[in-house]
């Protein structure tokens, strides 16, 4: 029995405090440090039918799945079955968007780096048949181009559905089968699944929602996100399996059985910064990349209906952190815990950006309403206190999950940190950073908080 190092014990205690603060029923925490694995389960799987969470409890991991999809596709690239920079119409000749030029030129590299730049949060269930993903991709013909192809990172769920469809066409198998054959089985991930029928016979955590501000969480009933979305965010897994997956990346693409699944060249390509993704991070092939006091960190988060997850790796230090939660308020827990975990385990300090104080006249350059398409999220900024107040209104996500509208997010204080970057200094998104993007005339035209939203007022 391994003793628990002080840093691990401190992180467990911090997790418990954050669970109470943010009313998160259950958390699975996994740490990989100096070759040793530490997993713990805290809280319960469900407020209605509670079972203790442990290291084998299954959680939805949401968009962390995108890194699995990318791994499968990179394996096909290395086999010569796909090319990163060939138009996807080589394999999907009927692919359509509103912008014909973008549809004709988009490549797998664009998909994996979120630079397709069409309206990406398109959610529309297409049934549970083997044709669900093909049907979904055909419906993308109505998606408008937000920015020119290949120029700007803007997180794009629909792009990973197209990537999944490529996986199907090239392998001749449904995407879930291809992912099992190319990733899950070779890595020995025996506690990772896609369908409710696989999960229901095992211990799993259900998602929870905060329906009123500060209220106790309730069970989220729309559990399954739909077969069309499996390659963008459909994997259900345990923290134990997530650390097995992390060890594969720390071992340079070699599985626990000694099989090399990806070459060193392919792994370097996945970890090479391709585009700026935020004031502090860039995007590689699927992975988000950040330099923290000289330490390279690759990570991905995920959120589905009542779940929030995060997986982070520091390959040069042999460190991995996985946090799985079963509540939409888990977002705040993950935000705080991942920062503390990286600082403790890597011996680094996450540096806070210097804040600017500007006049109301200067701040008018950023003020106004920004609209995210196609869902209709709006972000409104107005000058206040030498910075900006941000008010967010959620759009329509009924195609993703049948759930009540979330409680309104209280206004948040924003400080500019440069002529185009900002940080949230008070409110639910505390510490999050974003940026304003300018058009050719130098005027602020877009907002990026991972997705790009267009400024519609003032025009």
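The values are calculated or read from the model by the stated rules, or taken from the named source; none is laboratory data. Keep in mind that this is a model prediction, so the values were computed, not measured. Because the Cβ atoms are built from the backbone with ideal geometry, glycine has one as well, and the counts that use them run over all protein chains shown.
Please verify whether residue 440 is out of contact with any strand residue (DSSP E or B) (no Cβ under 8 Å at 6 or more places or on another chain) and either without any contact (Cβ under 8 Å) to a residue 60 or more places away in the chain or not in a loop (DSSP other than H, G, I, E, B) (or both), treating the condition exactly as stated. Walk me through how you get there before you give the answer.
Numbers: out of contact with any strand residue (DSSP E or B) (no Cβ under 8 Å at 6 or more places or on another chain): yes; either without any contact (Cβ under 8 Å) to a residue 60 or more places away in the chain or not in a loop (DSSP other than H, G, I, E, B) (or both): yes.
Yes, satisfied.
Name the strands (runs of 3 or more DSSP E) wholly inside the range 319-384 in which the number of residues that are in the same structural domain as residue 40 (by TED's automatic domain parsing), at pLDDT 95 or above and crowded, with 20+ Cβ neighbours inside 10 Å is 2 or more.
Numbers: elements: 319-325, 368-371, 378-384.
Where strands (runs of 3 or more DSSP E) fall fully within the range 319-384 and carry at least 2 residues being in the same structural domain as residue 40 (by TED's automatic domain parsing), at pLDDT 95 or above and crowded, with 20+ Cβ neighbours inside 10 Å, they are 319-325.
Residues that are surrounded by fewer than 16 Cβ atoms within 10 Å (Cβ to Cβ) and in contact with a strand residue (DSSP E or B) (Cβ under 9 Å, 6 or more places away or on another chain) were ranked within the range 109-166; the one that is nearest to residue 80 (Cα to Cα) is 151.
Among the residues of the range 23-38, those that are under 22 Å from the mean Cα position of the chain (by Cα) and within 17 Å of residue 237 (Cβ to Cβ) comprise 26, 27, 28, 29, 30, 31, 32. For the structure I just gave you, tell me whether residue 92 is surrounded by 14 or more Cβ atoms within 10 Å (Cβ to Cβ) and in a loop (DSSP other than H, G, I, E, B). Yes: the conditions hold for residue 92. Annotation note: of 285, 311, the sole residue that is touching a residue at least 40 places away in the same chain (Cβ under 8 Å) and either over 14 Å from the mean Cα position of the chain (by Cα) or not in a strand (DSSP E or B) (or both) is 285. May I ask you to list the residues in the range 222-240 that are in a loop (DSSP other than H, G, I, E, B) and touching a strand residue (DSSP E or B) at 6+ places or on another chain (Cβ under 7 Å)? Correct list: 225, 235. The single condition from (1) in a helix (DSSP H, G or I); (2) closer than 24 Å to residue 100 by Cβ that residue 154 fails is (1).
Matching residues to (1) at pLDDT below 95; (2) within 29 Å of residue 248 (Cβ to Cβ):
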position	(1), (2)
7	yes, yes
20	no, no
62	no, yes
104	no, no
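Only one of the numbered conditions (1) modelled with pLDDT of 95 or more; (2) part of a loop (DSSP other than H, G, I, E, B); (3) more than 22 Å from the chain's Cα centre (by Cα) is violated by residue 128, and that is (1).
No other residue among 167, 149, 189, 182 is in contact with a helix residue (DSSP H, G or I) (Cβ under 6 Å, 6 or more places away or on another chain), closer than 17 Å to residue 70 by Cα and not in a helix (DSSP H, G or I) apart from 189.
For the range 394-407, check the following and say yes or no: at least one residue is within 25 Å of residue 338 (Cβ to Cβ), in contact (Cβ under 8 Å) with a residue 24 or more places away in the chain, surrounded by 18 or more Cβ atoms within 10 Å (Cβ to Cβ) and within 18 Å of the chain's Cα centre (by Cα). Working first, answer last.
Pass one, the range 394-407, residues within 25 Å of residue 338 (Cβ to Cβ): 394, 397, 400-401, 406-407.
Filter again for in contact (Cβ under 8 Å) with a residue 24 or more places away in the chain, leaving 397, 400-401, 406-407.
Now restrict to residues that are surrounded by 18 or more Cβ atoms within 10 Å (Cβ to Cβ): 400-401.
Narrowing the set further to residues that are within 18 Å of the chain's Cα centre (by Cα) leaves 400-401.
Among the residues of the range 394-407, at least one is within 25 Å of residue 338 (Cβ to Cβ), in contact (Cβ under 8 Å) with a residue 24 or more places away in the chain, surrounded by 18 or more Cβ atoms within 10 Å (Cβ to Cβ) and within 18 Å of the chain's Cα centre (by Cα), which makes the answer yes.
The lone criterion from (1) buried (at least 17 other Cβ atoms within 10 Å of the Cβ); (2) in contact with a helix residue (DSSP H, G or I) (Cβ under 7 Å, 6 or more places away or on another chain); (3) touching a residue at least 24 places away in the same chain (Cβ under 8 Å) left unmet by residue 87 is number (3).
Which count do you get for residues in the range 35-84 that are part of a strand (DSSP E or B) and under 24 Å from residue 316 (Cα atoms)? Qualifying residue count, the range 35-84: 4.
Being in the same structural domain as residue 65 (by TED's automatic domain parsing), more than 22 Å from residue 286 (Cα to Cα) and either in a loop (DSSP other than H, G, I, E, B) or in contact (Cβ under 8 Å) with a residue 24 or more places away in the chain (or both) is true for just one of 102, 141. Which residue is that? Within the list 102, 141, the selection yields 141. Would you be able to say whether some residue in the range 386-407 is out of contact with any strand residue (DSSP E or B) (no Cβ under 6 Å at 6 or more places or on another chain), more than 30 Å from residue 59 (Cα to Cα) and not assigned by TED's automatic domain parsing to the domain that holds residue 299? The answer is yes; a qualifying residue exists. Has the range 395-407 got at least one residue that is outside any strand (DSSP E or B), more than 30 Å from residue 211 (Cβ to Cβ) and at pLDDT below 95? No, the conditions are met nowhere in the range 395-407.
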